[in-house]
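Colleague: The structure under discussion is supplied below as structure tokens; questions concerning it will follow.
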Amino acid sequence: MTTTKTVLITGASGGFGKTFTKVFLQAGYHVIATIRQENKKQDVLFGLSEQERRNLTLMFLDVSHDQSVAQFQTALRAYNRIDVLINNAGFAVAGFAEELTIEEYKLQFETNFFGVIRVTNAVLPLMRKQGFGRIINISSISGLVGFPGLSPYVSSKYALEGYSESLRLEVKDFGIDVVLLEPGSFQTNIWTSGTHLSENAGGDASPYKSMFTSINNRMIADREKYGDPIEVGVLALIIAESQRAPSLRYTVGKGVNFMLTLKRLIPWKIWERLVLKQLQKP
Ligand SMILES: NC(=O)c1ccc[n+]([C@@H]2O[C@H](COP(=O)([O-])OP(=O)(O)OC[C@H]3O[C@@H](n4cnc5c(N)ncnc54)[C@H](OP(=O)(O)O)[C@@H]3O)[C@@H](O)[C@H]2O)c1
């Protein structure tokens, strides 16, 4: 077995995935970074030194397709060591529950939930054989708090939380730690090209038009305040490198811990009044 640590990162073409790639390369890891489109190769390579490029293996993987994951698993046989798996690939389906189709919920779950299971199952045999490994599942504050207009995304992340809690207990005795990393809002592409908006959202005929406008205005006003993904990248490295067994959950981002403490402490009725009031603010 090689002595160089290997991390496998899904969804490395931009956002957190690209940041994880850079951070782990700088820390001396061999990085297997996966993308799903040939034309995104340059995006991953951009800004990497020659030495970093040598430690990088780019592979194709669409986590939402059984066949793509099966091919990827075959290609993985060339590697005899994976220390860390970061299940990062994801996107957001937005819209109002009444106006969304079941197909749109399925679309969301194929990547954010089933995608994680597919890739994890492809990697677990090797991790069990080697007797160690860390699986970092990129969840979200949306895995702990519901938001209007985002129920497919929120549901997929809540499902990921339940899956990860259970899996953690199943694989602990094999020396494998499962971790949930739960970021607040960060400046990546998920809020633009990474969002699938339901057809009806915001339409004139929609009963949710005014709520859509409020949410949209709120997001536009807040976007500049979103965090730098490097914060999440560094935290992932700390989790990967920690000598002690990592905790189940790591939250990161402005106001996230305050929000979670508040949600835990105050009655639900007051909580929902606060959330809805926030939407009304300019
Ligand atoms: N940004 C935030 O504020 C935030 C907060 C909490 C959690 N998160 C989570 O962080 C993770 C990364 O998102 P991001 O914010 O970095 O967004 P991003 O910049 O849009 O990056 C998402 C990445 O996932 C890839 N991807 C999407 N669907 C895929 C699929 N079916 N198979 C393989 N790759 C796929 C995208 O590839 P393409 O380039 O090919 O589309 C891209 O590389 C997601 O799980 C997201 O839910 C983000």
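Colleague: Go through (1) over 21 Å from residue 19 (Cβ atoms); (2) in contact with a helix residue (DSSP H, G or I) (Cβ under 8 Å, 6 or more places away or on another chain); (3) near the ligand (Cβ under 10 Å from one of its atoms) and name the single condition residue 110 misses.
Modeller: (2)
Colleague: Further, regarding this structure: Any residue that is of a type outside the set (Val, Ile, Thr), more than 28 Å from residue 253 (Cα to Cα), within 15 Å of the ligand (Cβ to nearest atom) and at pLDDT below 95 - is there at least one of those in the range 1-23?
Modeller: There is no residue in the range 1-23 that is of a type outside the set (Val, Ile, Thr), more than 28 Å from residue 253 (Cα to Cα), within 15 Å of the ligand (Cβ to nearest atom) and at pLDDT below 95.
Colleague: May I pose another question? Just the residues that are part of a helix (DSSP H, G or I), within 16 Å of the ligand (Cβ to nearest atom) and either of a type in the set (A, V, I, L, M) or in contact (Cβ under 8 Å) with a residue 12 or more places away in the chain (or both), please, taken from the range 45-82.
Modeller: Within the range 45-82, 45, 66, 68, 69, 70, 72, 73, 75, 76 meet the criteria.
Colleague: Now, a different point. So which residues in the range 189-214 are of a type in the set (S, T, N, Q) and open to solvent by less than 30 Å² (accessible area, probe 1.4 Å), if there are any at all?
Modeller: Of everything in the range 189-214, those that are of a type in the set (S, T, N, Q) and open to solvent by less than 30 Å² (accessible area, probe 1.4 Å) turn out to be 198, 206, 214.
Colleague: For residue 42, which of the numbered conditions (1) of a type outside the set (Val, Ile, Thr); (2) in a helix (DSSP H, G or I); (3) at positive phi fails to hold?
Modeller: Checking residue 42 against (1) of a type outside the set (Val, Ile, Thr); (2) in a helix (DSSP H, G or I); (3) at positive phi, the one that fails is (3).
Colleague: Suppose the filter is farther than 28 Å from residue 219 by Cα, surrounded by 15 or more Cβ atoms within 10 Å (Cβ to Cβ) and either touching a Ser or Thr at 6+ places or on another chain (Cβ under 7 Å) or of a type in the set (Lys, Arg) (or both); does residue 111 pass it?
Modeller: In short, no.
Colleague: If you don't mind, another one. Determine the pairs where a residue that is open to solvent by 30 Å² or more (accessible area, probe 1.4 Å), located within the range 172-183, has a partner that is part of a loop (DSSP other than H, G, I, E, B) and at pLDDT 95 or above with Cβ atoms under 6 Å apart, the partner being 6 or more residues away or on another chain.
Modeller: Listed pairs, sorted by first residue: 175/131; 175/132.
Colleague: In addition: I'd like the full set of residues that are closer than 24 Å to residue 24 by Cβ, open to solvent by 40 Å² or more (accessible area, probe 1.4 Å) and assigned to a helix (DSSP H, G or I), limited to the range 127-162.
Modeller: 128, 129, listed by residue number.
Colleague: Moving on. Which of the residues belonging to the range 4-63 are exposed (fewer than 14 other Cβ atoms within 10 Å of the Cβ) and within 17 Å of residue 83 (Cα to Cα)?
Modeller: Correct list: 4, 28.
Colleague: A follow-up question, please. Considering only the range 114-129, I want to know if a residue exists there that is under 11 Å from residue 152 (Cα atoms), of a type outside the set (Gly, Ala, Ser) and within 13 Å of the ligand (Cβ to nearest atom).
Modeller: Scanning the range 114-129, I find no residue that is under 11 Å from residue 152 (Cα atoms), of a type outside the set (Gly, Ala, Ser) and within 13 Å of the ligand (Cβ to nearest atom), so the answer is no.
Colleague: Of the residues in the range 92-105, how many are among the aromatic types (Phe, Trp, Tyr) and assigned to a loop (DSSP other than H, G, I, E, B)?
Modeller: The number of residues fulfilling the criteria is 1.
Colleague: As an exercise: evaluate residue 232 against (1) at pLDDT 95 or above; (2) out of contact with any Phe, Trp or Tyr (no Cβ under 7 Å at 6 or more places or on another chain); (3) within 12 Å of the ligand (Cβ to nearest atom) and give the number of the one condition it does not meet.
Modeller: Tallying (1) at pLDDT 95 or above; (2) out of contact with any Phe, Trp or Tyr (no Cβ under 7 Å at 6 or more places or on another chain); (3) within 12 Å of the ligand (Cβ to nearest atom), residue 232 fails exactly one: (2).
Colleague: For residue 169, all conditions in the list (1) away from the ligand (no atom under 16 Å from the Cβ); (2) surrounded by 15 or more Cβ atoms within 10 Å (Cβ to Cβ); (3) assigned to a helix (DSSP H, G or I) hold save one; what is the number of the exception?
Modeller: Failed condition: (2).
Colleague: Here's a follow-up. In the list 17, 11, which residue meets the criterion of being part of a loop (DSSP other than H, G, I, E, B) and either under 21 Å from the mean Cα position of the chain (by Cα) or of a type in the set (Gly, Ala, Ser) (or both)?
Modeller: 11
Colleague: Restricting to the range 215-268, name every residue that is crowded, with 18+ Cβ neighbours inside 10 Å and either farther than 28 Å from residue 134 by Cα or basic (Lys, Arg) (or both).
Modeller: The one that is crowded, with 18+ Cβ neighbours inside 10 Å and either farther than 28 Å from residue 134 by Cα or basic (Lys, Arg) (or both): 215.
Colleague: Still on this structure, I have one more. Could you check residue 89 against (1) open to solvent by less than 70 Å² (accessible area, probe 1.4 Å); (2) more than 8 Å from the ligand (Cβ to nearest atom); (3) part of a loop (DSSP other than H, G, I, E, B) and say which number it fails?
Modeller: Failing condition for residue 89: (2).
Colleague: Separate question: Given the criteria closer than 30 Å to residue 217 by Cα and free of Cβ contacts under 8 Å to residues at least 60 places away in the same chain, does residue 144 qualify?
Modeller: It is false that residue 144 is closer than 30 Å to residue 217 by Cα and free of Cβ contacts under 8 Å to residues at least 60 places away in the same chain.
The values are calculated or read from the model by the stated rules, or taken from the named source; none is laboratory data. These numbers come from a predicted model, not from an experiment. Note that we place each Cβ from the backbone using ideal geometry, even for glycine, and neighbour counts take in every protein chain shown. Remember, those area values only see protein heavy atoms, side chains included, never the ligands or the DNA or RNA. Shrake-Rupley method; radii C 1.70, N 1.55, O 1.52, S 1.80 Å.
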